[in-house]
1. Exactly one of these conditions fails for A12: (1) in a helix (DSSP H, G or I); (2) crowded, with 16+ Cβ neighbours inside 10 Å; (3) without any contact (Cβ under 8 Å) to a residue 60 or more places away in the chain. Give me its number.
2. Out of L130, L109, L85, I need the residue that is under 25 Å from D10 (Cβ atoms) and out of contact with any Gly (no Cβ under 6 Å at 6 or more places or on another chain). Which one?
3. Residue check: is E78 under 12 Å from the mean Cα position of the chain (by Cα), more than 22 Å from R132 (Cβ to Cβ) and of a type in the set (D, E)?
4. On the basis of being modelled with pLDDT under 95 and closer than 24 Å to Q13 by Cβ, does A141 make the cut?
5. Being in contact with a strand residue (DSSP E or B) (Cβ under 8 Å, 6 or more places away or on another chain) and either assigned to a loop (DSSP other than H, G, I, E, B) or of a type in the set (V, I, T) (or both) is the filter here; which residues of segment 15-54 pass it?
6. Restricting to segment 40-75, and then to whatever is under 20 Å from L127 (Cβ atoms) and touching a helix residue (DSSP H, G or I) at 6+ places or on another chain (Cβ under 7 Å), can you tell me which residue is surrounded by the fewest Cβ atoms within 10 Å (Cβ to Cβ)?
7. Go through segment 98-131 and give me each residue that's among the small types (G, A, S) and either surrounded by fewer than 19 Cβ atoms within 10 Å (Cβ to Cβ) or more than 9 Å from the chain's Cα centre (by Cα) (or both).
8. Pick out the one residue from A68, A2 that is modelled with pLDDT under 95, closer than 22 Å to V137 by Cα and small (G, A, S).
Amino acid sequence: MAAIWTRPIDLAQLTALGDGVLPGLLEIEFTEVGDDWLRARMPVGPKVHQPFGRLHGGASVVLAETVASVGGAMAVPEGKVTVGLDINANHVRAARDGYVHATAKAEQLGRTTQVWTIRVEDDAGKLVCLSRMTAAVIDAAAG
């Protein structure tokens, strides 16, 4: 399979996109890239816990949407951008510490929409959250 990326991927630059906004506040860091997937991680600790000491489901969704959104932006032609249409998440296991790792894989890259599946796993590789995001592809000038 040929790589889906329409521009070079620099993981440090992708991480820097989060500086001063929510992904940066949650310390989301891009760590790996493949031909049709992108991976980032987020530390799990009090900052992202719910009141009972477990990873807050909303934080998992922020991680999932961040990785899929950035992946989408790196897979569109010049002059296009992606904007989120829908995201869902199934939280299947608790995480309390360490890191969670989100891998976003492109399922469909169309002219007007993209669909991404995101697996959020703990350090042991156990599934914590399974998410799917749909994005619209629009002209950058319209966004």
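The values are calculated or read from the model by the stated rules, or taken from the named source; none is laboratory data. These numbers come from a predicted model, not from an experiment. Reconstructed Cβ throughout: ideal geometry from the backbone, glycine too, with neighbour counts over all protein chains shown.
1. So the condition that A12 fails would be (2).
2. The unique qualifying residue is L109.
3. Against the criterion (under 12 Å from the mean Cα position of the chain (by Cα), more than 22 Å from R132 (Cβ to Cβ) and of a type in the set (D, E)), E78 does not qualify.
4. yes
5. T15, L26, E27, I28, T31, V33, D36, V44, V48, listed by residue number.
6. So the residue we want is H56.
7. Listed by number, the residues that qualify are G98, A106, G110, A124, G125, S131.
8. It is A2.
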